[in-house]
Structure formats: structure tokens, C-alpha cells
Amino acid sequence: MAHIPNQYNNVPGHQTSMPGPFPQHNQIPPSQVPGPVKQDGNFNPASIAAMNSQTNHFNQSTNSSPAFNHPGMLPPLPTSLQSSPMRPMKTTVTQNQLQNIQNIPVNSGSPHPSNPSPFPPNIQRPQINNNAPPLISTSQYNQPFMNGPTTGPIGNVNHYPPNSSSFSPTPPTNLPPTSSNYGPSSLNSNYGGNQRLPMSSMPPGYSQPNVPISGPPISGPPLTGLRNSPVTTGPPGNLPMTNVPNISGPPVPPLGPPRSNAINGPTMMGPSTASVHSQMGPPKGLPSGPLSLPAGPQLRQPMPPNINPPQHQLNNGPLEQQGYIAGPPNMPAGKPGLQSGPVSGPPMSHSGPGPASGISGQNTNIQNRYPPMPYTNLSPQQQMQVQQNIAKQFPTHNLYGVTQQMSNLSVTKQGFDQLWGHQMVDLMQCKNILPEYLEEPPEIKLAHQFAESPNCSSEIFRCTVNRIPESNSLLQKSRLPLGILIHPFKDLNHLPVIQCTTIVRCRACRTYINPFVYFVDSKRWKCNLCYRVNDLPEEFQYDPLSKSYGDPSRRPEIKSATIEFIAPSEYMLRPPQPAVYLFLLDVSQIARESGYLQVVCETLKTNLEQLPGDARTQIGFICYDAHVHYYLMSEGLTRPKEMTVLDIDEIFLPSPESLLVNLGEYKDMVKELLTILPQRYSTPGVPASALGAALQAAYKLMAPTGGRITVFQTCLPNIGPGGLHSREDPNARSSKDVAHLNPATDFFKRIALDCSGAQVAVDLFLLSSQYCDLATLSGMSKFSAGTVYHIPLFRAQRPWQAEQLTQMFTRYLTRKIGFEAVMRVRCTRGISIHTFHGNFFVRSTDLLSLPNVSPDAGFGMQLTIEESLSDLQQVCFQAALLYTSSKGERRIRVHTLALPIANTLPDILHAADQQCIIGLLSKMAVDRCVSASMSEAKEALINAAVDMLSAHRLAQNLPAGAAAAALHAPAPLRLLPLYVLALLKRKAFRTGTSTRLDERVADMCLMKCAPLPALLRVVHPDLYALHALPAHAHAHAHAHADAPPPPLPPRLQLSAERISMNGAYLLDDGETMIIYVCHGVSPAFLSETFGVAAFSQLPDEARSLPKVESEGNEQLHALIEKLNDDRPYPASILILRDNSPSRQLFTERLIEDRVESAFSYYEFLQHIKTQVK
């Protein structure tokens, strides 16, 4: 059987019975939910008034995360004491379920690892898992409990029901009502109110048989059916109840019609009976808040028969006056938790050591199904085994922490939260928070009208929240950044391409027709962005697939959210440009020493045939050191001719028509030039670089046509226009205040803007061995829609660096490219874009100029809500990319994304996309570093996590962070603090660790324009256990031929706790795969995988993985190939021993561990917990 991942307990061999991060237990269809339901699928706030609390309003002034718009912490917010959700109650187990405690299936949502807890023992960790069994203090495990007559010793007892794949709650304790009224009962002054003892306080060894209650007469309507509702959970109440003894006392006259099954609950015929569930009260003086119950008759809590009340309390009146009555259906918001008092009740006839009155002489069906637990027949060894097994599954907690949590939880609210997917997680308990397998993006659920409409792929278009707040004030309460990430030119295998004379667009807002428009009739459609009704052309009613006229909804534009049009002539301002490539090559002294020119020329010569283009493709070369060197290739020349311009201050072009030549006609001459250049510049040169002058010449050469300029730079450009001086202080690389992140001059920005206006993009390959001031040089790419590639300390003599440059440059040369592109993102009326992130130039308010667009470039946009969206069911975003293909075709690629509307704060928080949020936050933080300072950017990142947790605390009425032992987060945002910590430890933002300024800026450039999947790998690398690879491969070896390919091995936490001295590991950060071999690994594994007999035979540092004819080596190569499948070019390999001098390359990526200048993950949680308001 395949190993099913556990999303929290990432321990090898630790299994769960419920796959998926947060299982939905047979969600009840909306038609059966009491109360009105809106047609758009959003829950009606009126029907959940008892569930949602009165939320305090945050007075923030922007739509994005307040942390990025207002430095410093937000003012403290008023707190509310309304109770928060509690996990559903568990039922007693049957005889068949009394298995060994080791067989307890661990819930997929369980935050508790099987290994001993790494947290300090004095930390109180309340229970947060909705389906986990109650947590009991260690001291209660050795306490004997009387549970009916002693029947003999039994083995290790499991009193927790197995996990169920369906949502089948067990009704609350079925007791007769206390009176004929349905209102609240009188309060007892000693106890402060009507309370029910929490189910979670019942020890694991305690089981209550069905005991008749003796006492005063009871009246009230009989309960003819059990309510199977989201209030409580557990197995369905399908036990036979006909033999259950009646409650003592006169017959109970019914009041009103009998209760029916409100929600798919089984009907239980017969008289009213006492439930088998009883609770054992907590110790005196501990707080225990009231539990909220559904509206209905008051239910009386039975007296636990095995608890003998004090003698002076035995005659204090009926049960109604002793605190055993369930509280009112809904406690008023903000009322503090009540204190539980001593347990008391009416006298029960009981004599001698035998069972209580009402039990002797009766052996009911319930008792047969739930045999009583023996009193002292377990041997000490058996008791110790039970305690150890329970401790393995559920780490112990003190009873005060459990009771304190119960005082803040509501059964009703928790049931609805689970029903609507509003689970929350206690981050302080979930040490292993990282799921073992990559999670799918959150599902988008539209209203029924468009539920089946195709939405845009999450690989192309994602929003930070999958349910848009209906107003700006609600967005500010959520404290989440609202924005979108788009990967518009991503490589796609199946892309519908349409060629038609008329492209159907809205006449008002120019939106392209898409799957989310509304067809008024067969000849008219309503725009889904501005709601204007437009006419359909006759051509649109023709289906190109069936070649017939008919329903317009059959058109490809309506069946796909991503589509590409071949644009007609009206979309062209000029004839489509040819593909033009110009290469600027640094040949200064440092460049010649690096040897890069040989690698570049050989790679280019190999891939000349694969360059995108047609018969018009042109190519040219310019070299520069202290002067500018041109290479003429024209008719009449048998070989390339070099011309050198000495005056770099007044640059000119000697023969423009011979500098850019047709690639097809002069291919042989181009190849000869690429062979000559490395030899020409192999001798020592001058230590000067006139990059600015070379760029001016390139702009003059390319301006008439447009195209792409590729710059290779190895040193600081120090002469001519744009000359720079070194600004880096090597002694300040670990300083907390990072300086010189802004450009030293705007020369490169200005030339980039000139290039952008001429439809020319500039890409930079920085192969530096010393400081080059990338903060200034990167401007040439940022504003011309180019890209920055950086290989620090490059030397072609190092084979792995030469291989890395070859793979990087090969991808760059052969990938798709779009020329003279523009992109516009349109939004539904009421939403607008206020900030763009990426490499481009904003030509107008919403039009991005992209002289080149590549499939490796991503963009981000921050949104603002300008008008109320309460009258809408959904909002739409549409990105249209108009570009010229390398074949000279003018094309339009259109992506449309639709999202539903949310009108409550919990709905927004539980519809958040944490991966998209961290992608947008990283881009916002890079901008903050440049516009403000590094310290403000880091503070804003931390505040973003604090804001999210504060908003959730307010939405759920949880205690403030500093006053509570728990740190609750919505389940969809549970990884956000971990991602923020990982972001703070990246080169871009880390301080206190020596970091070269160019490497820091290069990391910022990567975050600014990388697509989301690549960005996530860089921020939070993936760690795999290689020594477990054979077992993983064997588990999936016998899969059916048609079965999907086996998944990747489970991921491990990025912590040294997961590193065993007997293991080997692979860490993948997108750029490099580090194979880390520990000294205790078995010789068999070394021989099978690396072809060496002993650990000492491994080199300290290896840059390639040998190929050995063995199964283990093939499995490792297959894993690496699978990881490389979805990235532009293969990652480089680095093999390290655990005693290698370079081992810090591996250990510094273990982001959950503490380093000298940064928190560990647990310390980071404690830090933000103190700031949650």
C-alpha cells in the first residue's frame, strides 16, 4: 500500500488515514443547510450571526498590506472575549475499536509529530486539530477510574474512534429537557451560569455506560430523532436504542410536535434516553468557558456516576441548581468565560464498593457494546505501555492549558467552520508545519452560473485571495495584500490559436470575449467587466470545429480562459519587425582572464540554427575594452573586418549596413568570426571597460528596427559615458544597514528608456570576479523589459561554471521570444491597479511596454478596491499581451481569471493563497529596500505576518498573542510565517552575514521578475532523503501501466533535526542541487549510488554525479531529471561531505535553524506572537 503523506508529521513511516491537508468530512450540500444561501455560493451572513462575532474595524488607509504602506507597527486593537471554535466532540468507542493504542490512525491534520516534542516542557500548547482526540495531562494517565463492574483485565485500550472519511457527527448528549420551556434555565450563583463540562477534559481511560437518572420528575418534548449536524463530529448514531432503560420518573408529556432530522440524521425511535456520553469535570478553580449549542430545548447534563460528590453537597437541590444544565444556545459576544465550580447533584443510592444504583442487575446493549474498563487489573507494565503509546501519538499537555483552550471554543462555531472550510492551526504546536508534498493552489469556487466555466490556470494567473472582499474597508480588516501575479508568455503545450477577420471585443472597455461573459441571446452578449451589452458578429456564430452555425458558447473563445489570436492588420502600427540580435562582448583584462569568451562563442556557434526567427533574422557583434571594436561582414569581404573607434566620448557607427547582417546569408562568416574572437582576445589587455559607449553605439544601430541587445560584462565599467567607481566597503558586507542599493547614476536607466521607445530590450550577463555595481548596471534591463543573469566569481577553467554558463546561455538563445510587445491588465469596474512589479516601462496608466517578452519573465500588480462590489457575484481580470512572434506574426494572447466575492472576514482569510502572497510580498520588499531602507523592508515583511495573525485573532475573537499560549492561523495561511522567515534569510534581505553587494542585488533582481514556481524554490528549497529513495521507489514499482507517474519523495523540514548521521540528502533551491552525504551512511549505499566503497573516497566537493550501472544510481538520476523537468535549464550539481570545508553551503539553507544573526522558526513564531494585537 502506498505511503499516504501526513501534512504535519513529516516523520518517515508516520502514516495517516486521511490524505490531503485538511479533509472535508462529507460537506453538507447548501440545499440542506438551514437558513438562506446566496446563489453565488457565499454564505449568508444573516444565517451565521451566531457564529461570526462582532469584528472590530481596522482603520487602515490602503488596500495592500499595511506593513508595506505604513512603517512600524499598527496601533493596538481592542480585543473581544467572545469564544472561539473548539474541535468537535468525540464519541465513545465500540468493542471492535478497542485495539492496541499503536494502531490509532493519525489524522492528517494532526500537528503532533510522533517523536518527542522539541518544545520546552513549560510551554502550554492548546489543542487545535479539529479531529484529534483530546489532550490529557500526563498525570491523569496513571489514575484509576471506575467504569462499571470490573470484568477482568484487558489489553491496551484505544478510547478514540478511528478516523472517518465522511462527515458523520454524533449528536450531543441526548438528555431530557429541564423544563417545558425552550429558553435559558436559571443560573446558579455558585457557578456563574449554566455550563456543560468540556468533552476534552474526559481522560482517555474513562468511559461512561448508559445510566438511568434518578431524581425529580422531568418534563419536556421527547427527542424523536438525533440531529446529525456540524455542531459535533464522530460516527453516526446508529446504535440500537430500543433496549436502553427509560429515565426514571413519571412519563414525559410531549410539548409540540416531535423533532425531526434537520440534517441527514438517522431517526431514533423510542423514548427519550440519556446519552452514553458523560464528562468528567476539570479540577476546581480552573476556567472553563460555556459551550454554545444549537437552538432548541435545554438539555440536562447527567451526573457522572463514578464521581462521588462531597457529603455536604448531596442535598443541595435538583440538578437544575447544581450547574449540570447546558448553557443557553448562544452566549452574548464578549462575555468572559465562566469559572467551573465543584461537581454536585442529587443524592444517588449507592452502597458498598459495587456499582452505583441503576447499574446493578442491568446489562444493556450499550454496556455490551462498550465494555467497562477495569479498575486496577492492568499490570504496571501494561499501564506504562498504554501511557507511552498515547504519548507517542499525542504529546502531553497540562490540564490547565486544555481547560483554558476550552474556555475559548464554541462547538457550534467550530462545526460551521469545519463545514465551510474555516479550519485554523496553532503554529506553536505544529512544529512540523511543512507538508510532505507540494500543495495544489487553492480551488476557485464560482457561482453556479459559471461553476463549469474554464478558469485561467494557476500557473499563469494567480491572486493573493481567491475571494475578493466586497469593499475596501473589509480588505483593510483582513490586512492582506491584494494583488495578482501573472506569467503571461509561459510555454504552453496546448494553446488554442484563432485566426479570424474580426476579434470580438467590448465596445466600451475593449475587453476580449471570454468564458465569463453573459449571452443575452444568440446575437448579443454582456461584458463581464463593464456590463455593457454588445452585438455579436455573424462570424462568431460559426463554430470552426463543427463547421456549422449555432450556439456561440461552442466557440473556442468561450471554452478556454487562455487563448491566442492572430491579429489582423489594424493591430499593427508598422510591419512586424524581424528578429534582430546584437551581442556586446567585454574584452577587458579581467574578461580575458575569466575565459568566458570561449564558452560564449562556442555555445552561440552551436545554436545559430536554433535562434528564433525567419529569413529576415539579423545578427551583429561589438566588442569593447578601453575602445569600441566593430566587426563588418558585407559583400566583397571573405572574412570579418574589425574597425576600432578610439573616441568613446563621441561614439559613431562607421558602416551601419555592414554591422547587422542577415544570418542566413552570412552564416559562414558569422561562424568564422565566433572562431576568431577568443583567439583575438587571448592575450593580456587593458584594465578598462567602456560599457557606456558600447551601449550608445548599440542603441544607434538597433533603433531603426528594434530587437535584443545581449551584454556580457565582467568588471566595473570605469571609463567613458556612464563610468562608475567602486562603492562597496568589503568590511561592511555584514552590516545591518545595507548601503548603495540605489544606482550611482541614471545613465543606464536613461539609455534603457531610449531603447524601450525603439522596441529594443537589453539583457545583462554579469560574470564578475569583483564588484561591478550591479545596482547601477541593472537599470539597463529593468526599464527595457530585459533580464539580469549573474554568475559570481566566474572562471571558465572551472568546468561546472563553464557548464552552468553553457546551459543558461543555450536556454536564452533557443527559447521563444516576443518582440515589440505591450500588455494591459483590465479589471472589473470597481477594482484598479495602482502598482506594477517587474522589468518593463509603464507607457500609460495601465499599459506596460515590453520590447521583448520571454517565457521566463513574471509580473506582479497590486490592486485597490475603489467601489463597493457587494452587488456582484464575481470579479474578473483579463491580461492581453500583444506581441510580434519571431516568425513575423502579430499575435494577441489573452488570459481571463474570475474570482467570487466574499462579504465576511473569515471567508477572506480562509480563501488566501499563501504562495501568491509571499511572491507579491517579495516584490514589494525589494521596492521598499530601494525606496526606503533594508531595515524598513524587513520590518514590513515581519509586520505582514503579524497583520495576518492579528486579523485572524480578531475574526475568531481569540486572546491576544502575548496573553495566550497558542498562535492560531487560518489553515490556508499556516505556512506564511515560515515563508517570511525564509525570505528574511535570503541573500537579498539577510543582514549580519557577509554578503557581497552584487550578489544581494542579483537576488533582488531575481525576485523582481521570476515566475512564482521558480521564486518559491529559491525562497524555500526542497529537502529529500536520498537514503529512503529505494524504499520509495519500491513502494511505487508495482503500479499499473496506466497509473500516473510516482510522486516525488516526501519533503523534509529544513532543519538539522531532520539530518541523520546515517543518511544522504538532496537540497534543491532551483539553481543548485546539493547532495549532502553524512559520514555514517552505509557502504552499500555509497557503492550503489556513487560507486565508491567508503565515505573517505568521496571528494570534499564534487560538481558532477557519476553514472554507475546500479539501481540506486539510476533512481537518483531519475529523481534529478524529474526535478529539472519544469525549469528553464537543469540545475547544477554539488556533492558535499558533512565534514567538507564548504558544508555551510548546505547548512545555511536550513532556514528553520537559528543562525548567528537570525531567528530559528520557533523563535520567530515567539517573536511575532508577542506582536499580535
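The values are calculated or read from the model by the stated rules, or taken from the named source; none is laboratory data. Computed from a prediction, not measured in an experiment: that's the story for all the values here. FYI the Cβ positions are ideal-geometry reconstructions off the backbone, even for glycines, and counts take in every protein chain you see. Just the protein is used for accessible areas: all its heavy atoms, side chains included, with ligands, DNA and RNA removed. Shrake-Rupley method; radii C 1.70, N 1.55, O 1.52, S 1.80 Å.
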Checklist entry - Using a ≥ b ≥ c from the Cα gyration tensor of segment 740-808 (square roots of the eigenvalues), is it rounded, prolate or oblate, where a/c under 1.5 gives rounded and otherwise the larger of a/b and b/c decides, a/b for prolate? => result oblate
Checklist entry - Based on the Cβ-Cβ distance from Phe652 to Leu438, what FRET efficiency comes out when R0 is 51 Å, to the nearest 0.05? => result 0.40
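Can you tell me how much longer the chain between Lys605 and Glu452 gets when fully stretched, taken as 0.36 nm per residue apart minus their C-alpha distance, in nm with one decimal?
Full-extension gain reported as 50.1 nm.
DSSP loop GluC sites (Glu not before Pro) in segment 596-643 with at most 14 other Cβ atoms within 10 Å of their Cβ, which ones?
Values: sites: Glu602, Glu609, Glu635, Glu642; in loops: Glu635.
For GluC sites (Glu not before Pro) across segment 596-643 that sit outside H, G, I, E and B with at most 14 neighbouring Cβ atoms in 10 Å, the list reads Glu635.
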Checklist entry - How do Cys772, Cys827 rank by accessible surface area computed with a 1.4 Å probe, from largest to smallest? => result Cys827, Cys772
Checklist entry - When the C-alpha atoms of segment 522-658 are aligned to their principal axes, what extent does each axis show, in angstrom, from largest down? => result 70, 34, 33
Checklist entry - Taking a 30 Å limit on the Cα-Cα distance, which of the listed pairs Lys923/Lys1107; Lys477/Lys782; Lys700/Lys987; Lys749/Lys1122; Lys431/Lys985 fall beyond it? => result Lys923/Lys1107; Lys477/Lys782; Lys700/Lys987; Lys749/Lys1122
Checklist outcome for this item: One would report the Cα pair-distance distribution of segment 803-931, bin width 10 Å, in %, as 10, 32, 34, 18, 5, 1
Next on the checklist: Using a 1.4 angstrom probe on the protein heavy atoms only, could you order Glu593, Glu999 from most to least accessible area?
Outcome noted: Glu593, Glu999
Item to check | Debye log10 I(q)/I(0) for segment 718-852, one point scatterer per Cα, at q = 0.09 Å⁻¹ | outcome: -0.37
Checklist entry - So what's the gap between the Cα centers of segment 622-646 and segment 806-850, to the nearest angstrom? => result 34 Å
Next on the checklist: Averaging the inverse of every distinct alpha carbon separation and then flipping it gives the Kirkwood radius. What is it for segment 618-770, in angstrom units?
Outcome noted: 17.1 Å
Checklist entry - Say R0 is 41 Å: what FRET efficiency, to the nearest 0.05, do Glu867 and Asp491 get from their beta-carbon distance? => result 0.65
Checklist entry - Using the alpha-carbon centroid of each, what span in Å lies between segment 500-536 and segment 1131-1152? => result 56 Å
Item to check | Solvent-accessible area, 1.4 Å probe, carbon plus sulfur percent, for segment 720-863 | outcome: 49 percent
Checklist entry - Based on the Kirkwood radius over alpha-carbon pairs, what value in µm²/s does the Stokes-Einstein equation return for the translational diffusion coefficient of segment 612-691 at 25 °C and 0.890 mPa s? => result 179 µm²/s
Checklist outcome for this item: A chain fully extended from Asp1125 to Arg574 at 0.36 nm per residue, minus the present Cα-Cα distance, gains in nm 194.5 nm
Item to check | For segment 881-959: rounded, prolate or oblate by the Cα gyration tensor [a/c cutoff 1.5] | outcome: oblate
Next on the checklist: Which order do the peptides 626-632, 1000-1006, 660-666 come out in when sorted by mean C-beta neighbours inside 10 angstrom, highest first?
Outcome noted: 1000-1006, 626-632, 660-666
Next on the checklist: Suppose all protein chains stay in the model; what accessible area per residue would a 1.4 Å probe give for segment 647-800, in Å²?
Outcome noted: 40 Å²
Checklist entry - At Ser1157 and Ala703, where each label point lies 7 Å from the Cα along Cα→Cβ, what is the point-to-point distance in nanometres? => result 4.4 nm
Next on the checklist: How many angstrom lie between the Cα centre of segment 983-1032 and the Cα centre of segment 439-499?
Outcome noted: 25 Å
Checklist entry - From the Cα gyration tensor of segment 1093-1165, with a ≥ b ≥ c the square roots of its eigenvalues, which class applies: rounded if a/c is under 1.5, or else prolate if a/b is larger than b/c, or else oblate? => result oblate
Next on the checklist: What do you get for GluC sites (Glu not before Pro) in segment 451-512 restricted to DSSP loop and a cutoff of at most 10 other Cβ within 10 Å of the site's Cβ?
Outcome noted: Glu452
Checklist entry - Over the Cα atoms of segment 859-907, Rg to Rh with Kirkwood Rh, two decimal places? => result 1.17
Item to check | Where Cα atoms sit under 28 Å apart: lysine pairs in segment 516-611 separated by 8 or more or lying on different chains | outcome: 5
Checklist entry - Starting at 0 and stepping by 10 Å, how many percent of the alpha carbon pairs of segment 442-544 end up in each bin? => result 11, 32, 38, 16, 3
